[in-house]
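Let me begin by presenting the structure, written as structure tokens, before commenting on it.
The values are calculated or read from the model by the stated rules, or taken from the named source; none is laboratory data. Remember, predicted model here, so these are calculated numbers, not experimental data. We place every Cβ from the backbone using ideal geometry, glycine too, and count neighbours over all the protein chains shown.
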Amino acid sequence: MSGPVLGDLLERHRSRVEGLVRGEAKGLLRYETEEDLVQGIVLRALERGGDFEWRDEPSFLAWIRRIGESFIADRRSHWSALKRRSGKVLRFAAGDETRGGSVVGEPAADATGPSSFAARRELIALAAKALDLLPPRDRDLVRWSSEGVALEEQAERLGIAYEAVGKARQRAVDRFRKTFALVSGGPKPG
């Protein structure tokens with residue numbers, strides 16, 4: 001006797017997946033919607049459906065919980081990595097990356113109060129979100145530039161001419177600035 005179809009089980013227990021997201025992914029909801037996380041879990045479950053073997057309802061619920069927890073952990077890692085790399089990217093948001101400009105409203109680097117730390121964390125989270133919204137090539141160009149990777153090496157990594165990487169980098173930085181302005185609710189750069 002065969003068990004229920006995986007798609008039917010996922011649909012029937014969607015509210016449990018939603019509850020898992022609400023309970024386990026609170027911090028992620030700053031970056032992604034609950035619906036996106038639920039869809040990601042369902043998609044991962046369908047991708048791993050070959051590993052699924054129907055036994056009974058409690059076994060299925062334990063299986064989907066493991067899938068959900070794994071997906072949420074992966075998304076946390078993704079956003080943590082972006083946030084770690086996004087601090088240096090903040091200088092591009094102000095449009096003065098060549099002269100060490102800072103983001104308008106960015107707390108002073110030597111300020112040590114809780115509100116300064118909170119404001120900086122919020123800016124870094126917004127930079128991470130803006131960076132994640134860029135196409136992969138633009139994301140790489142902005143990140144590499146913020147890390148001081150030479151244009152010659154960037155051209156080599158992308159397999160394009162040195163002359164082309166400078167233009168591509170500038171377009172990527174411009175797109176980052178516009179995206180940062182959108183996610184931060186600030187004025188749009190000229």
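Elements of the type helices (runs of 4 or more DSSP H) sitting completely within region 124-190 and holding at least 3 residues that are among the β-branched types (Val, Ile, Thr): these cover 162-184.
Does region 78-95 contain at least one residue that is among the aliphatic types (A, V, I, L, M) and either at pLDDT 90 or above or in contact with a Cys (Cβ under 9 Å, 6 or more places away or on another chain) (or both)?
No.
For region 11-45, the tally of residues that are free of Cβ contacts under 8 Å to residues at least 12 places away in the same chain, under 15 Å from Leu61 (Cα atoms) and of a type in the set (D, E, K, R) stands at 2.
Yes or no: region 165-173 includes at least one residue that is modelled with pLDDT of 85 or more, of a type in the set (D, E, K, R) and closer than 19 Å to Tyr31 by Cβ. If you could, list the steps in order and put the result at the bottom.
Pass one, region 165-173, residues modelled with pLDDT of 85 or more: 165-173.
Cutting the leftovers down to of a type in the set (D, E, K, R) gives us 167, 169, 171.
Filter again for closer than 19 Å to Tyr31 by Cβ, leaving none.
For region 165-173, residues modelled with pLDDT of 85 or more, of a type in the set (D, E, K, R) and closer than 19 Å to Tyr31 by Cβ: absent.
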